[in-house]
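The values are calculated or read from the model by the stated rules, or taken from the named source; none is laboratory data. Here the structure is a predicted model, which means the values were calculated and not measured. Ideal geometry is used to build each Cβ from the backbone, glycine not excepted, and the neighbour counts take in all protein chains shown. For the accessible areas, the whole protein counts, side chains as well, though only heavy atoms, and no ligand, DNA or RNA atoms are used. Shrake-Rupley method; radii C 1.70, N 1.55, O 1.52, S 1.80 Å.
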Amino acid sequence: MLEYAEPVTKLIDELKRLPGIGHKSAQRLAFHIMRTPENELDRLLTAVRDVKQRIVLCSVCNNLTEIDPCRICASTSRDHSVICVVEEPHSMVAVEKTRSFKGVYHVLHGSLSPMRHIGPNELHLANLLPRLKPENNDGVEVSEVILATNPTTEGEATANYIGRLLKPLGLLVTRIAMGMPVGSDLEYVDEVTMDKALSNRREI
Amino acid sequence: MILDFVEVDNFRNLSGKIFWGPGLNIIHGDNGQGKTNWLEAIHLLSRTKSFRTQRLQETIRFGQDSAFVAGRVSSGDDLQRDLRVTLKENTKSIAVNGKREQLTRYLGQLQVFSFTADQLDVVRGMPEARRHFIDRGVASLRPAYVRTVSDYNRVIKQKNRILQDNLEHNRSLVELQDLLAPWNQQLVQLAAEIHEARVDYTERLNNELERSLFEPAELHIRYSSSLDGKGDLSNYEGLLNERLQLRLPAEAAAGRALLGPHRDDLAVHLAGRELRVFGSSGQQRSALLLLDLAAISVYNSWHDDRPLFLVDDVDAELDENRIRRLLEYLEGRTQTFITTSKRSHVEGFISRANVYEIAAGQAVQPELNRSTFSAVAAND
């Protein structure tokens, strides 16, 4: 039995496929769309279509980009001897926001998770090893790879996997530190973070 | 810490407020009147979970759409906090002093140890229940330990999936080892943490155990690692790594993870014999009580604070003699809540305890009904 006219049901069903959208949200979005004037809707439709047509993955680092290679990979002011490996494009944005990292990136588009059938072959890893050779990197020798995957069991396994892959090559492989958020009061840090911060303490 | 009062609305068949005594609280009533519901309410207030059901919706009184359990906890000299758990359809909200609070910050405000029917698996059931018992104990000392265990379980799940899928793919052992390596690396670290924490906790329990509170036969416990007898356990990480290498073909053939603390157990012996197999029901119950009492002592010496102790159905399988020893032991140590349907079993303690008569979920306050008590006693 159809709750609404067929086109409406169809729209709700399609919206429900989006991550984080359940039946109620889909219904609300569908009704919003129906009430939206057509010219406004066109803007949305164009934006959706453009993102598919104009965005590609950077052939060097797998970042989302309009031009290939991406701005960061093409930049001469970046340090191409340091590569920061991240899970998702938005993790890269988080590192970029610090403005203190001057190296380049490698985006994996995921992390190892056998339960979700994501093995090493499903990650965008194939183009990482070739980048490490100077002849494929504008003559620059890569000196360090920073593993900035998430502090989850999956992120950790991914870092372990890449670490094992790179260690024999003799370059410096580092893992980002875990611990206290800066600028917060000790009181407000959860026990797990505090525990990690304590065991990763350093001498001053 | 002391629970001063509990106020309940529409939680199962309960509504109303009970002021508790700081020592022994005896909840008495016929079957089906709601004695255990009061313990469940206290447990919910402490852990935001029930010991009877996973589905908290079931605890909302039929026909109502929400329920709450609130209470005041006193600790230190003059510190009082009002806790409140509100259940509405399938959501749960928690508050301290009227303000919403995150779960991680809420837990621990009211620490409860409970002796309930679902805990009997610790002395009767499979090793899993005993591992849970130790893990809960460790977490009562160090809450961050919960994360270690959940990370470990997740790593095991991921590893199991690789091994399961491999049963169909039949990769070479070298290939399989490559796939497993990033998970085994974490497994070893987390396993070592868990092993160390559990051994340490078992040691603490052993030091506090009142071995022969109930009977002359002594109760002994020992953490029994699945790596016992396989090598030097003092270098746990090294040994586990070695065993993982060695047993790779076995894990490949079995299609699941065979090594790690998820295969460990707590050995519980009474008079030198395995309690789970040879103990009588009464002996098993008594042993579980001893383990609970030890866990309370360990908590007490770690935090310098007394948790609450809930004992459901104290008279089931425990004779009067054992109940008397238990209550004498608890007297002056920790705020205790026990339910019983047999008044005669606790008769000797009534003058030293607060006794609550429960009928149809409602409680009659001790101060208010002293005369009623003697009247009931006279009629008995």
- Residues satisfying the stated conditions in segment B:27-70, i.e. open to solvent by 10 Å² or more (accessible area, probe 1.4 Å) and charged (D, E, K, R): B:Asp30, B:Lys35, B:Arg47, B:Lys49, B:Arg52, B:Arg55, B:Glu58, B:Arg61, B:Asp65
- Task: Sort out which residues of segment B:196-221 are open to solvent by 20 Å² or more (accessible area, probe 1.4 Å) and either within 19 Å of the chain's Cα centre (by Cα) or under 19 Å from B:Tyr145 (Cβ atoms) (or both), and write them in order of number.
- Result: B:Glu196, B:Val199, B:Asp200, B:Glu203, B:Arg204, B:Asn206, B:Glu208, B:Glu210
- For segment A:83-96, indicate whether the set of residues that are in the same structural domain as A:Leu108 (by TED's automatic domain parsing), assigned to a loop (DSSP other than H, G, I, E, B) and not basic (Lys, Arg) is non-empty. yes
- Task: Return yes when B:Leu173 is touching a Lys or Arg at 6+ places or on another chain (Cβ under 7 Å), in the same structural domain as B:Ala267 (by TED's automatic domain parsing) and hydrophobic (A, V, I, L, M, F, W, C) and no when it is not.
- Result: no
- Which pairs have Cβ atoms under 6 Å, sit 6 or more apart or on different chains, and link a residue in segment A:177-197 that is closer than 23 Å to A:Val95 by Cα to one that is open to solvent by 70 Å² or more (accessible area, probe 1.4 Å) and outside any helix (DSSP H, G or I)? A:Met178/A:Pro151; A:Gly179/A:Asn200
- Message: I'm checking my understanding of the structure. Among residues of segment A:102-126 that are more than 12 Å from chain B (Cβ to nearest Cβ) and over 16 Å from the mean Cα position of the chain (by Cα), which one is surrounded by the most Cβ atoms within 10 Å (Cβ to Cβ)?
- Response: A:Gly103
- Query: B:Asn170 passes all but one of (1) away from every other protein chain (no Cβ under 13 Å); (2) of a type in the set (S, T, N, Q); (3) in contact (Cβ under 8 Å) with a residue 60 or more places away in the chain; which number fails?
  - Reply: (3)
- Taking segment B:133-151 and keeping residues among the hydrophobic types (A, V, I, L, M, F, W, C), over 18 Å from B:Leu266 (Cα atoms) and without any contact (Cβ under 8 Å) to a residue 12 or more places away in the chain leaves B:Ala144, B:Val146
- Pick out the one residue from B:Ala257, B:Ala267, B:Ala316, B:Ala295 that is under 27 Å from B:Asn37 (Cβ atoms) and not in a helix (DSSP H, G or I). B:Ala316
- Search segment B:145-177 for residues being aliphatic (A, V, I, L, M) and over 17 Å from the mean Cα position of the chain (by Cα), and hand back the single one that is surrounded by the most Cβ atoms within 10 Å (Cβ to Cβ). B:Val155
- Query: Is it the case that A:Ile146 is in a helix (DSSP H, G or I), among the aliphatic types (A, V, I, L, M), open to solvent by less than 70 Å² (accessible area, probe 1.4 Å) and within 21 Å of A:Cys73 (Cβ to Cβ)?
  - Reply: no
- Task: Of the numbered conditions (1) modelled with pLDDT of 75 or more; (2) facing another protein chain (nearest Cβ under 10 Å), A:Ile176 fails exactly one; give the number of that condition.
- Result: (2)
- Task: Collect the residues in segment A:131-152 that are more than 24 Å from the chain's Cα centre (by Cα) and of a type in the set (Asp, Glu), keeping them in residue-number order.
- Result: A:Glu135, A:Asp138, A:Glu141
- Subset of segment B:236-279 [among the aromatic types (Phe, Trp, Tyr) and within 27 Å of the chain's Cα centre (by Cα)]: B:Phe278
- Kindly provide the set of residues from segment A:150-204 that are in the same structural domain as A:Ala94 (by TED's automatic domain parsing), buried (at least 17 other Cβ atoms within 10 Å of the Cβ) and among the polar types (S, T, N, Q), ordered by number. A:Thr153, A:Thr158, A:Asn160
- Counted residues in segment A:91-101 being without any contact (Cβ under 8 Å) to a residue 12 or more places away in the chain and buried (at least 19 other Cβ atoms within 10 Å of the Cβ) come to 0
- Query: Restricting the search to segment B:128-156, which residues are among the small types (Gly, Ala, Ser) and within 14 Å of chain A (Cβ to nearest Cβ)?
  - Reply: B:Ala139, B:Ser140, B:Ala144, B:Ser150
